[in-house]
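Scroll down for the structure; my scribbles are underneath it.
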Amino acid sequence: MESRESKTSECPICGRSFDISTINQHVNDCLNDGDDACVITQPNKKRKSTEMNPNAAWGCLKASSSAGENESRVSPENVKRHKTLQKSSTQRKPASPILVDEDSSSNESKGELQNQTKTFLSNTSNFQNRQKTFFSTSNKSDDNNVSSHPSKSQNPFFQKKTNSSVKSAKSEFSPLAEQMRPLTLENYVGQDKAVGEKSLLHSLLRSDHIPSMILWGPPGCGKTTLARIIAARCKNEGSAKFVQLSATTSGVNDVKEVIKVAKNDQKLLRRKTMLFLDEIHRFNKSQQDTLLPHVEDGTINLIGATTENPSFQVNSALLSRCRVIVLEKLSADALKMIITRALSELGAKIYETPDDIENNTASNSLEPVVWVEEQAIGVLANLCDGDARAALNSLQMAVESRIAALKNSSSKQKNTQKNGFDNVAMVTTEHIKDGLQRSHVLYDKTGEEHYNIVSALHKSIRGSDASASLYWLARMLEGGENPLYVSRRLVRCASEDIGLADPLALNQAVAAYQACHLIGMPECEVILAQCVVYMARAPKSVEIYEAYNKAKRKIKEHDGPLPGVPLHLRNAPTKLMKNLGYGKGYKYNPAFKNPVEQDYFPEELIGTDFFK
């Protein structure tokens, strides 16, 4: 009889030979379909417990049963556990991994593995059939009791029209902006420059060659939606696995786990991994460094999304390995298209005049019929500052408020008396404005937009454009900027750009700062406006600013040690210092009636003029 160390067995999944002492762990690794973490087989180490779902086990065992070269045996205890699992009709527990018995010979295990595999496949099929029956019955029961379901009876408008009999709880309770995310490039609106038909990225997505990239753009411009489109394409084509993480809730350990699974997928399944890291700027520099080697060697293709400037928030080393895709604010026309498509998919109607409602309202409708004024769509698109998420969620809030008012008996009576339409929820321009309260102003007091607008204000004053200066001031104040910060910038501008051409500009700026400190917002906004207009209209001179910069350069570019102060310019408060020559030869200017000829530079710099 051969020794235990010399026994080998072939894996029924990949066909490679392994020592009988390590075959258990390897078979369980092969059974993983890549959605859960795979553990690399390591000899003489206790196997770490892993779990997988029944469907994944079913797919792997089906492949192994058709191989015909199985030389290991399925543990009866595990098959029994699968049978017990299949009796549950309301829960989907992960099945335990299939273990290979180390003490059995390969010759007698071959037939038994095939028989037990057939039994397991049969039971798994029965389990799947019972699942379908259960979900079908559950949904049928839900459809028959729609009026008793709180969420469906209260908001029938926001139950997306679909032919699927199974509706996930996530889509039922998701905001309208989440429900309306497109899953194809054809429905992706408003970013023609970045992903239009003639763009490089569009061609790469079509050819299934997706590079590592950083999606940079303002909120609501479609960064996450574009990543979801890539995910849907990966799922349909089966060419890659898509993993989504958020830097706000995930850490380095989550990234390491994804990378470990990605390496196993590359080796066992020949499948690449796409990692979408939302809000990547929330990772600090050391956390971003963990991605570097794996992006470089192709273990993962990184798709990062950020609202901050990648030049400042993303490691330069990581940035050099990714292509930066700049997504712009959505135009008003693009937002109108998105809002109109959402209304169409959700069964709402658009009207220009009340006559349109009177001619098309169905009298036998049990649920409220939602009509949205066409002008309200344009107003909403213009007020949301290019943010599709804000537009759709504002629309949802306005419609829900009108449906709630209509279902209230007193509100319904008032509505009927006012417009004469029963069972109609009308959304007008006034309702949209009431929901938004004010324009959706994009301004981040610590981000990229903050510095952009401050720069625009300063340069508008320098260019003597009073109207543009007022506009950028209003953008800052309406966005919630601290007025003291604005006034400090004006103090600097008074000396840098106006200087000696109008010395009173500095007085205006300092007075504005003190006034803002005393009374605060919103009363101080007119004071800042006065100061901004005064400085924009004042004559400009950069003589002081340029002269001082020349003096700084003279010091920085000086070769060798800096020259000392000439003796005649030094103060001599003690007798010793007088004996050393401090102050000797100094001419006290007020003691002379005529101009004094005297050098004030060190000997090496005599004759220097910073104003020429």
Distance (nanometres) between label positions extended 7 Å along Cα→Cβ at ASN579 and VAL252: 6.5 nm
Over the range 460-612: Kirkwood hydrodynamic radius from C-alpha pairwise inverse distances, Å: 19.1 Å
Full-stretch length increase - THR340, ARG492 - with 0.36 nm per residue and alpha-carbon distance subtracted: 49.9 nm
Violating pairs (Cα-Cα greater than 29 angstrom) within the set LYS198/LYS285; LYS198/LYS223; LYS235/LYS260: LYS198/LYS285
Dimensionless Rg/Rh of the range 522-612 - Kirkwood Rh, Rg from C-alpha atoms: 1.20
Exceeding the 27 Å Cα-Cα cut-off - candidates LYS554/LYS575; LYS556/LYS612; LYS552/LYS612; LYS263/LYS329: LYS554/LYS575; LYS263/LYS329
Taking the convex hull of Cα positions in the range 240-298, its mean projected area over all directions (nm²): 3.7 nm²
Protection proxy ranking of 574-580, 254-260 - average other beta-carbon atoms within 10 Å, highest first: 254-260, 574-580
Simple label model, 7 Å out from Cα along Cβ direction - SER455 to LEU183, nm: 4.1 nm
Gyration tensor verdict on the range 198-240 (Cα atoms; rounded if a/c is under 1.5, prolate if a/b is larger than b/c, oblate otherwise): oblate
Percent breakdown of C-alpha pair distances by 5 Å bin, ordered from the shortest bin, for the range 190-331: 2, 10, 21, 24, 21, 14, 6, 2, 0, 0
Nearest-0.05 FRET efficiency for ARG323 and GLU237, computed from C-beta distance (R0 25 Å): 0.75
J(HN,Hα) series, the range 591-601, from Karplus relation 6.51 cos²θ - 1.76 cosθ + 1.60, nearest Hz, glycine and proline x: 7, 10, 7, 9, x, 9, 8, 7, 8, 10, 8
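Here, each number is a calculation from the coordinates, and none is a lab measurement. Since this is a predicted model, take the numbers as computed values, not measurements. Note that we place each Cβ from the backbone using ideal geometry, even for glycine, and neighbour counts take in every protein chain shown.
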